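Trainee: Structure provided below as C-alpha cells; questions to follow.
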C-alpha cells in the first residue's frame, strides 16, 4: 500500500524525551510525486496544549513547539538508478521543559497535550491542496533517577518494602455481630514508579469471624481463593480548566449579639460571627484495590497515591535513547 502513496512517513521511536532527538525518514515515490505535482516536501514537528470546559467556558489553545525542515525540493535529489523511491532521513531536537503528552476527555470537558510529526507535500498549483501525512509521538520528561530504579527492579528488588493497611468491620445482617477484615498491600518503597517496568506487589487479606462456636463450620467472611476475586485498579485523575468562571467566595456576617453575664445584666460581651464559604478541589492520582464479601457495605478498599516517573533520559545525536522495549503508550492514531 505504501508503494501507492507519494509520501510515507516513518519515525524510529514514537516515545521521545523532552530535550532529546526525534528522528525518522520520509520515503518519496517519484512517480506519484510527479502525478501530484509536488514541488517540495517539508517535515514539521508541532506540539500544543488544548483545553475545553463546557457550560459556556472558552476553549484554549497554546502552541508548545513548532519546528520545520525542508527535506526535498524539485530537482534537488533523485532516486538511485533502477528505483522510483528516494529515502530521506530527518532529525529534530526537542526543547527542554516540554510538558508530557496526555489525552483526557470527560463529560463536559476535555484536555490534551499532543505532539505530532507531519510530512507535507507542497503543491504550488492553484486549487491543489498540499498532501499531508502525520504520526503522533509521545513526549515524556527526562528522568535519570528512574533509570536506576528500573535497573534495580528488573534485577530483582532487594530494597525496602512499604505496606498500606486497611481495617474494616462488617456484618451479614443489620442486627448481627461484627466480623473484621484486614487488607494489606505490599510494594517496593519507591519515590515513584517508572514506566514500562514490572512492579512486584502482594495483596494479603486476613479475616476474623464474628463470635461463634468452635464447631461452627460456616465461617464468614470467606477468604477469596482466586486472584480474580480481588479487583486491582490504577486510576488517573485530571483537573481541567480553561479560564472558566469561578464562583466568588461567599461571605455571611451576622448581627452583633449582646450576651450579659448571669450576675450583672449591665456587664457582658458582644458576640460577632462571620463565615466564608467556597470550594476546594483535591488533585491526586490514587490507585486502590477492593474486595467485596457480599452483603450491604461489605467492601474493603484502600487508596494508595503514587508518582509515575518516565524512567528515561534524552539522547543526543548519534546515541540511542534509553527506552525499554517493547514500549507503548496510549496515543492518537
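Residue-by-condition table, conditions (1) more than 17 Å from residue 88 (Cα to Cα); (2) surrounded by fewer than 16 Cβ atoms within 10 Å (Cβ to Cβ); (3) outside the structural domain of residue 123 (by TED's automatic domain parsing); (4) touching a helix residue (DSSP H, G or I) at 6+ places or on another chain (Cβ under 7 Å):
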position: 9; (1), (2), (3), (4): no, no, no, no
position: 13; (1), (2), (3), (4): no, no, no, no
position: 22; (1), (2), (3), (4): no, no, no, no
position: 37; (1), (2), (3), (4): yes, yes, no, no
position: 45; (1), (2), (3), (4): no, no, no, no
position: 50; (1), (2), (3), (4): yes, yes, no, no
position: 68; (1), (2), (3), (4): no, yes, no, no
position: 73; (1), (2), (3), (4): no, yes, no, no
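Trainee: Please go through segment 79-114 and pick out each residue that is outside any loop (DSSP other than H, G, I, E, B) and more than 28 Å from residue 40 (Cβ to Cβ).
Mentor: 102, 103, 104, 105, 106, 109, 110, 111, 112, 113
Trainee: Does at least one position in segment 133-152 carry a residue that is exposed (fewer than 13 other Cβ atoms within 10 Å of the Cβ), more than 30 Å from residue 65 (Cβ to Cβ) and assigned by TED's automatic domain parsing to the domain that holds residue 201?
Mentor: Yes: one or more hits.
Trainee: Kindly provide the set of residues from segment 115-138 that are over 12 Å from residue 45 (Cβ atoms) and under 24 Å from the mean Cα position of the chain (by Cα), ordered by number.
Mentor: 138
The values are calculated or read from the model by the stated rules, or taken from the named source; none is laboratory data. These numbers were taken from a predicted model, which means no experiment stands behind them. For neighbour counting, all protein chains shown are included, and Cβ atoms are generated from backbone atoms with ideal geometry for every residue, glycine included.
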